Amino acid sequence: NAGVTQTPKFQVLKTGQSMTLQCAQDMNHNSMYWYRQDPGMGLRLIYYSASEGTTDKGEVPNGYNVSRLNKREFSLRLESAAPSQTSVYFCASSASNEKLFFGSGTQLSVL
Amino acid sequence: EDQVTQSPEALRLQEGESSSLNCSYTVSGLRGLFWYRQDPGKGPEFLFTLYSAGEEKEKERLKATLTKKESFLHITAPKPEDSATYLCAVHPSGYALNFGKGTSLLVTP
């Protein structure tokens, strides 16, 4: 049982480059989320998708876009990476907007 | 504005030395309070959900309690393997959890 799978685990980008973080869950959950975690800031919500076909902004959406490709997959795209986007990114899913199951994270560095 | 504050930021205990972590919150329409454990390099792992004041839940050496303004995570006779960051989160009316900044716990032999 894989749960929530994120790829890649590590990534280094130069300022201005773009990339997509992939997330897939095999628990048949309706809701999926992207959080970022920074030292001293805790987990902050970037975007979420309450159900397939819907996406909404969270607390820190600027500089990001998301796509809910299907019920299983929710991707996060950085169009033009900035050093301020250096962070650890976590994808999560839930059945009922409550108990979240997290992936193992993507450590992103933007130089 | 919904807020979650955890204290202390860091806690160092000797093995067997019991203590408590605090999570205070201000939220309109609480739909649940959650505790997660996070090990270095990993995603948070669910521990407990509490829904109403007075509720308690236990798992091994951990017990979570809830009042109208705060929650405590009591750790009884901790072991080194309990070392982790413990995160508190609230579920206000809406779709996503609001997380506190966490308490980093180190238990030494």
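Which pairs, out of A:K14/B:K101; A:K71/B:K79; A:K71/B:K42, put more than 31 Å between their alpha-carbon atoms?
A:K71/B:K79
May I ask you to work out the translational diffusion coefficient for the protein assembly as shown at 20 °C, viscosity 1.002 mPa s, via Stokes-Einstein with Rh from the Kirkwood sum over Cα pairs, reported in whole µm²/s? Working shown, then result.
Numbers: Rh = 17.9 Å.
Diffusion coefficient, whole number: 120 µm²/s.
Across peptide B:38-44, what mean number of C-beta atoms from other chains lies inside 10 Å of a residue's C-beta?
Numbers: counts 5, 0, 0, 5, 5, 16, 9.
Across the residues of B:38-44, the mean count of other-chain Cβ atoms within 10 Å is 6.
Using only the alpha carbons of the range A:32-111, determine the length spanned along each of the three principal axes and report them from longest to shortest in whole angstroms.
36, 25, 20 Å, listed from the longest principal axis down.
Note down the relative contact order for the range A:2-109 as a percent, whole number, built from C-alpha pairs under 8 angstrom at least six residues apart.
36
What value does the range B:1-82 have for Rg/Rh, both radii from Cα atoms and Rh as Kirkwood defines it?
Rg divided by Rh gives 0.96.
Using a 10 Å cut-off on Cβ to Cβ distances, tally the other chain neighbours for every residue of A:37-50 and report the average as a whole number.
Mean inter-chain Cβ contacts per residue within 10 Å come to 4.
On a C-alpha basis, how far is the centre of the range A:43-60 from the centre of the range B:1-66 in Å? Whole number, if you could?
So the two Cα centres are separated by 24 Å.
For the range A:15-31, just list the computed ³J(HN,Hα) in residue order, Karplus coefficients 6.51, -1.76 and 1.60, θ = phi - 60°, integers in Hz, with x standing in for Gly and Pro.
My calculation for the range A:15-31 gives 3, x, 6, 10, 6, 10, 8, 9, 9, 9, 10, 10, 9, 6, 7, 7, 9 Hz in order.
Report the antiparallel proportion of the DSSP beta bridges in the protein assembly as shown as a percent, rounded to a multiple of 5.
Just about 90 percent of them are antiparallel.
Just so you know, all these numbers are worked out from the coordinates, no wet-lab data involved. None of these values were measured; they are calculated from a predicted model. Because the Cβ atoms are built from the backbone with ideal geometry, glycine has one as well, and the counts that use them run over all protein chains shown.
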